[in-house]
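The values are calculated or read from the model by the stated rules, or taken from the named source; none is laboratory data. The shown structure was predicted, so the numbers you read here are calculated from the model rather than taken from an experiment. Don't worry about glycine lacking a Cβ; one is built from the backbone with ideal geometry, like all the others, and counts go over all protein chains shown. These area figures cover heavy atoms from the full protein model, side chains too; ligands, DNA and RNA do not enter into them. Shrake-Rupley method; radii C 1.70, N 1.55, O 1.52, S 1.80 Å.
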Amino acid sequence: MKGIVFTEFLDLVEDKFGLEMVDKIINESNLESEGIYTSVGTYKFSEMLQLLQHLSANTNITIDDLLLVYAEHFFNVLKDSYPGLLASYKDPIEMLASIENHIHVEVRKIYPDAELPTFEILEKEEHSLIMIYKSSRAMHHFGLGLMNKTFEHFNSTATIVIEKIKEDGTEVKFIINKN
Ligand code: HEM
């Protein structure tokens, strides 16, 4: 997992819960990196999972809810860092349908070692989209937060339902309806 995901995560934790919480979750985790991240480095996903698990235990917020809020913050980071990628879209459904064969393709050119999910489009209409998310990281709520922000970016909203295909969340169906 790319370092930017860690550095932005810890910045947000500091913002919302204070520096003591950052220290606490780093100390409670068993991290090869010792909790020292640079935005261009690459670190094990298991480190992110431990940080999330300890933050969840200390705040009583579920990991899914933490990932949802974190993704909403991360969208702004992506928007500021890669303005050109978003500029080519005029519509949220078009943009979300292009993650797999455009957006993440470009991401992989920037970060060849990025660990990205796959999105398979099952059905696409003008105002709706059904996609299958697959990833060993089960970060579907991170995807949900990015999708919510994508609609907001285009001054729009959507109703998005997640149906689990695999119980562990490594495969889910996103049913997206523009409001
Ligand atoms: C992960 C870039 C848009 C879904 C990531 C990562 C980067 C990235 C850098 C981390 C990879 C790693 O740590 O190895 C971008 C950029 C975008 C964009 C630059 C737009 C400008 C989106 C959108 C979605 C999405 C709109 C909507 C669903 C995800 C998910 C992950 C991810 C779910 C987590 C990894 C996983 O589930 O396996 N993306 N992304 N991305 N991205 Fe994107």
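Restricting to region 137-179, and then to whatever is among the β-branched types (Val, Ile, Thr) and touching a helix residue (DSSP H, G or I) at 6+ places or on another chain (Cβ under 8 Å), can you tell me which residue is most open to solvent (accessible area, probe 1.4 Å)?
To start, the set of residues in region 137-179 that are among the β-branched types (Val, Ile, Thr) comprises 150, 157, 159-162, 165, 170, 172, 175-176.
Now restrict to residues that are touching a helix residue (DSSP H, G or I) at 6+ places or on another chain (Cβ under 8 Å): 150, 157, 160, 162, 172, 176.
Numbers: THR150: 3, THR157: 83, ILE160: 32, ILE162: 47, VAL172: 0, ILE176: 1 Å².
The qualifying residue most open to solvent (accessible area, probe 1.4 Å) is THR157.
Residues of region 133-171 being near the ligand (Cβ under 10 Å from one of its atoms), touching a Gly at 6+ places or on another chain (Cβ under 9 Å) and assigned to a strand (DSSP E or B), which ones?
Once the filter is applied, which keeps residues that are near the ligand (Cβ under 10 Å from one of its atoms), touching a Gly at 6+ places or on another chain (Cβ under 9 Å) and assigned to a strand (DSSP E or B), region 133-171 yields only TYR133.
Touching a helix residue (DSSP H, G or I) at 6+ places or on another chain (Cβ under 7 Å) and either of a type in the set (Lys, Arg) or farther than 14 Å from PHE142 by Cβ (or both): which single residue out of TYR89, TYR70 fits that description?
TYR89
Is at least one residue of region 55-62 under 13 Å from the mean Cα position of the chain (by Cα) and open to solvent by 60 Å² or more (accessible area, probe 1.4 Å)?
For region 55-62, residues under 13 Å from the mean Cα position of the chain (by Cα) and open to solvent by 60 Å² or more (accessible area, probe 1.4 Å): absent.
Search region 112-124 for residues being more than 6 Å from the ligand (Cβ to nearest atom) and in contact (Cβ under 8 Å) with a residue 12 or more places away in the chain, and hand back the single one that is surrounded by the fewest Cβ atoms within 10 Å (Cβ to Cβ).
Across region 112-124, the extreme among qualifying residues is ASP113.
Out of LEU66, LEU49, report the one residue that is more than 10 Å from the ligand (Cβ to nearest atom), open to solvent by 60 Å² or more (accessible area, probe 1.4 Å) and within 19 Å of the chain's Cα centre (by Cα). Don't jump to the end; show me each part of the working.
Working: LEU66 fails: open to solvent by 60 Å² or more (accessible area, probe 1.4 Å).
After ruling out the rest, the residue left standing is LEU49.
Restricting to region 78-96, name every residue that is within 10 Å of the ligand (Cβ to nearest atom), surrounded by 11 or more Cβ atoms within 10 Å (Cβ to Cβ) and not in a loop (DSSP other than H, G, I, E, B).
LEU78, LYS79, SER81, LEU85, LEU86, PRO92, MET95, LEU96
Conditions first: (1) over 15 Å from the mean Cα position of the chain (by Cα); (2) part of a loop (DSSP other than H, G, I, E, B); (3) aliphatic (A, V, I, L, M). VAL105 passes all but one, so which condition is the exception?
That leaves (2) as the condition not met.
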